[in-house]
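Enquirer: Before we start, here is the structure in question, set down as structure tokens.
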Amino acid sequence: MILVLLGTQNNSFHRLLEKLDELINKGIIQERVLVQAGYTKYESKNMQIFDLIPGEELERYQENADLIITHGGVGSIISSIKKGKKVIAVPRLHKYQEHINDHQKQIIESFSKKGYIIGLNEVEELEEAILRISDFIPVKYESNNKNYKIVQIIEEFINKI
């Protein structure tokens, strides 16, 4: 099962769902796709879409997912990599009025460089990422205080601003 996390942003992220529908129709994606869409209103015959999912239920879906495709929100990325999941992240972009700026590109780039996720710059890169996800081995998340890499990523991001 593929879990898609769009977070709780009050701006739409139609582009990602449209691309997923396209990839399902092309046969690139054959798994069940479950979407936590937040405020993105989208209808699809191919995907099961929820606005918001209670935390406990969302956590169960994350545990059972083979792949998580997410926007560039820190919370969605961290909660997924903590579970050892393969993650593809696609940023919401300001030029499409999906966010107030392009900070999600920087967040995704930081996590991607560390090897935690496959980070994309644009939705158009999604097909290639899905085709190569089976070979991707994410860096394992470690949550001890001596080697707290997530904090390092966030600090690096904040220092760039």
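The values are calculated or read from the model by the stated rules, or taken from the named source; none is laboratory data. Given the structure is predicted, the values throughout are model-derived calculations rather than measurements. Positions of Cβ are generated from backbone atoms using ideal geometry, with glycine treated the same way; all protein chains shown enter the neighbour counts.
Enquirer: Checking E128 against (1) farther than 20 Å from R15 by Cβ; (2) modelled with pLDDT of 95 or more, which single condition isn't satisfied?
Expert: Just one mismatch for E128, condition (1).
Enquirer: Looking at region 143-160, can you tell me whether even one residue there is at pLDDT 90 or above, assigned to a loop (DSSP other than H, G, I, E, B) and out of contact with any Pro (no Cβ under 9 Å at 6 or more places or on another chain)? Explain how you work it out, then say what you get.
Expert: Filtering region 143-160 for residues at pLDDT 90 or above gives none.
Within region 143-160 (the criterion being at pLDDT 90 or above, assigned to a loop (DSSP other than H, G, I, E, B) and out of contact with any Pro (no Cβ under 9 Å at 6 or more places or on another chain)), the answer is no, since none of the residues qualifies.
Enquirer: Can you confirm whether region 12-25 contains a residue that is under 14 Å from the mean Cα position of the chain (by Cα) and farther than 19 Å from E125 by Cβ?
Expert: Within region 12-25, none of the residues are under 14 Å from the mean Cα position of the chain (by Cα) and farther than 19 Å from E125 by Cβ.
Enquirer: Let me ask another. Go through region 1-103 and tell me which helices (runs of 4 or more DSSP H), entirely inside it, have 2 or more residues that are over 24 Å from R132 (Cα atoms).
Expert: So the answer is 55-64.
Enquirer: Still on this structure, I have one more. Filter region 1-20 for residues that are crowded, with 24+ Cβ neighbours inside 10 Å and over 14 Å from G38 (Cα atoms) and give the result.
Expert: Hit for region 1-20 is L20, nothing else.
Enquirer: Also: Please go through region 63-75 and give me each residue that is closer than 22 Å to I108 by Cα, surrounded by fewer than 18 Cβ atoms within 10 Å (Cβ to Cβ) and either at pLDDT 95 or above or hydroxyl-bearing (S, T, Y) (or both), ordered by number.
Expert: Those that are closer than 22 Å to I108 by Cα, surrounded by fewer than 18 Cβ atoms within 10 Å (Cβ to Cβ) and either at pLDDT 95 or above or hydroxyl-bearing (S, T, Y) (or both): E63, D66.
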